[in-house]
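Data first, discussion second: the structure below is written as structure tokens.
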Amino acid sequence: MNSTLAYNTAKAFLLSFATLTFAEVASATSGHVFLVTESSSSSLTVTYDGTPVTTTLLGPDNWDFNLPDAVHLGFGEGSYGSPTGAAVTEPGGGTLGPWNNVFTLTTLNTPYVSLVTVTSDATTTSGFAVTLANDVSGNVGTDQADGLSIYLTFNDLGDSGTSTVPDGGTAGLMLGGALSILGLIRRKLA
């Protein structure tokens, strides 16, 4: 009876892991992938759909850059005219911050812009920002060129020192290993 419980528990874990992995891949392929990685208070790496984007350091923990397409980050009418986009909690931070802000400044007359500003380690954020956890992908806006969603992942390595989520290759290896273990358990029970 205990071996059946272990088998069912392992099976439920693997199905949950596979569902989450495939959901992340599906969401990333139905829109634009916007990756931002902060390595220190003076180092920021940005890619948009795999293409590197040149950043300009404005000061410690503050950069701006132009995306290849005009975008609107944030959602709702209230987001026009105020800095909006994504507020990513600092590693180890809570619901009150500190924040890594990835913002655009849009208006009703200019709803899409290519200029994006990043301010990390901020004590405040906009009430119109989409809140994300560090190193977790989320829908933060729309690309004007094709109307597709933009999925942002902000990874703050400057504070945490390590990545908390495995990359796709590592996740695949973990899934393969887990399926192998499940097969061994099933063979042992048969």
For the stretch 117-128, give me each residue that is among the small types (Gly, Ala, Ser) and at pLDDT below 85. Ala122, Ser126, Gly127
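Residue-by-condition table, conditions (1) acidic (Asp, Glu); (2) at pLDDT 85 or above; (3) under 25 Å from Ser40 (Cβ atoms):
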{"residue": "Gly97", "(1), (2), (3)": "no, no, yes"}
{"residue": "Thr104", "(1), (2), (3)": "no, no, yes"}
{"residue": "Thr107", "(1), (2), (3)": "no, no, no"}
{"residue": "Thr110", "(1), (2), (3)": "no, no, no"}
{"residue": "Leu115", "(1), (2), (3)": "no, yes, yes"}
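The values are calculated or read from the model by the stated rules, or taken from the named source; none is laboratory data. Everything numeric in this text was worked out from a predicted model, so none of it was measured. No Cβ is skipped: glycine too gets one built from the backbone with ideal geometry, and neighbour counts run over all protein chains shown.
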